[in-house]
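Each reported figure results from applying straightforward, stated rules to the coordinates on display, with no laboratory input. For clarity, every value in this text was computed on a predicted model and none was experimentally measured. No Cβ is skipped: glycine too gets one built from the backbone with ideal geometry, and neighbour counts run over all protein chains shown.
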């Protein structure tokens, strides 16, 4: 089965990995959680926050409630 790490859009995953040098602890912890979850609803609130931060999207301008609840903006379309 695919994990959330596998389901992330390539640009989102690339952005998270690009931050690995600057923020090694938070990106390692995030990647570990992404690889351990099969569904968006299994992610902690802290992990969702980290995805938003490390993907460098503007929370108020581009992320809506559906994105927070279901990960629509961050996951590959099924």
Please note which helices (runs of 4 or more DSSP H) are completely contained in the chain and include at least 1 residues that are touching a residue at least 24 places away in the same chain (Cβ under 8 Å). 4-7, 10-18, 24-36, 45-55, 65-70
Could you check residue 48 against (1) touching a helix residue (DSSP H, G or I) at 6+ places or on another chain (Cβ under 6 Å); (2) crowded, with 17+ Cβ neighbours inside 10 Å and say which number it fails? (1)
